[in-house]
1. How many nm separate the modelled label positions at PHE152 and THR49, each set 7 Å beyond the Cα in the direction of the Cβ?
2. Roughly what would the spin-label model give for THR110 and GLN241, points 7 Å off Cα along C-beta, in nm?
3. Find how much the distance from SER192 to GLN123 grows on full extension, using 0.36 nm per residue of separation minus their present alpha carbon separation; answer in nm with one decimal.
4. Tell me the accessible surface of MET89 in square angstrom (1.4 angstrom probe, heavy atoms of protein chains only), to the nearest ten.
5. Once ligands and nucleic acids are excluded and a 1.4 Å probe is used, how much of THR177 is accessible, expressed in Å² to the nearest 10?
6. On full extension of the chain, what length is gained from THR177 through VAL81, given 0.36 nm per residue of separation minus the C-alpha to C-alpha distance?
7. Could you order HIS163, HIS48 so the one with the most accessible surface comes first? Probe is 1.4 Å.
8. Keeping every protein chain in place, order GLU150, GLU184 by accessible area at 1.4 Å, biggest value first, i.e. largest first.
Amino acid sequence: MCARVALAKSLVLLGAVVLAGAGTERSANLATAPSFAASASTFHPINHTALPIPVAISADFSAFDCSNNPGPQITFSGGSVLGGYGVEMTFTNNMKGTHTFTDGNTVDLTVMPADEQIVIPKQPVLGGVGGNPFIWVQFIGADGAALSSEIFVGRCVQGAGWHVTQSAVTTASAVATFTVESCENSPGPFISFTSGVTMAGLSARIIFRNNDNPVGGPHEADVTRDVAVIPAGLSLTFPKQPVLGGVGGNPWIFAAFTGAGGKALGDPTLLGRCVQLNNALS
C-alpha cells in the first residue's frame, strides 16, 4: 500500500537493517495432533530496532534576502521517497533441531512499498553570517553521523534557486504482529499480520561560510542550521494482511523482516507450531 504523509509542522525537509527478531519459541517436543476449530489467536510479535530504510531526497533552495543583517535568508523545501520493507514467512513440516528447517513453503510479503513519500513544506532558514555567504548542505542521521558529504549549493546572490538530490539510508524501529486465523489442512494454514515502523529521523544541515575554501580550510565564520527531513518518531502503520501457508494444517512457522531488495535481514525467528500457538493463545 502507498501512503502519503504530509508534515505540515516540521521545521523543514525530508524522509533500513540488522534485525533482532524477538518471537515466541515452542519446543520441538510439543504434541502435534492437529485441532482445526480453534478461534483466531495473536502471538508474540517480532521486532527490529534498526531496520534500514533507503531514502531518495529531493530538496529545493531559494534565496529571498541576501542582506547583511540579519541575512541571508533562504527557504528549504522538497520531499523524499522511502524504500520499502517486507516480511518473509516460512511454513515447514520438516524441522532440524528447534530453530532451523530443512525445506518449506516461503511467502514473501510487501509491507511498505518502495515508493512511500514524505513531503517537506517550504520553510525559512536564517544564515546570519553576512549578506552573501557560500552555502553547503549535508544530510545527517538521528545520531548526528553524516549520511552524505557536504554538497555545495551556491552563493546567495548568484541566483534565486538551487536543486539538490541525494540518496541516503536512515533507520526505523519495526514491529510485526501475527494472528493464527485457522490451522485447516487444505489449503491452510491461514495467518494474518499487521506491521508498523517508527522512523529514527533525518536532517539537512545547512552550512553558511563567508568564503569558498575547501572543507577543512580556514573560515572567518561558519554558521550551521539543521532542519528536519524526516522527523524523529514519525510513525507509519500498515493494515492487516492475509498469509496463506499452503503446507498442511500444523506447520512450524518462521518469520523475518526483509529489506527494500527483498533479502531477509538476519535469521528467521521461530514463532512456533500452528496448532500449539492457536490453542495456547486462544
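The values are calculated or read from the model by the stated rules, or taken from the named source; none is laboratory data. None of the values given here were measured: they were computed from a predicted structure. Cβ coordinates were reconstructed from backbone atoms using ideal geometry, including for glycine residues, and neighbour counts include every protein chain displayed. Only protein heavy atoms, including side chains, enter the accessible area calculation; ligands, DNA and RNA are left aside. Shrake-Rupley method; radii C 1.70, N 1.55, O 1.52, S 1.80 Å.
1. Result: 4.2 nm between the two label points.
2. So the label points at THR110 and GLN241 sit 0.9 nm apart.
3. 20.7 nm
4. Accessible area, nearest 10 Å²: 0 Å².
5. 40 Å²
6. Values: separation 96, 0.36 × 96 = 34.56 nm, distance 2.55 nm.
The span from THR177 to VAL81 would gain 32.0 nm if fully extended.
7. Details: HIS163 105, HIS48 0 Å².
Ranked from most to least accessible, the order is HIS163, HIS48.
8. Working: GLU150 50, GLU184 80 Å².
Reading off the accessible areas and sorting them downward yields GLU184, GLU150.
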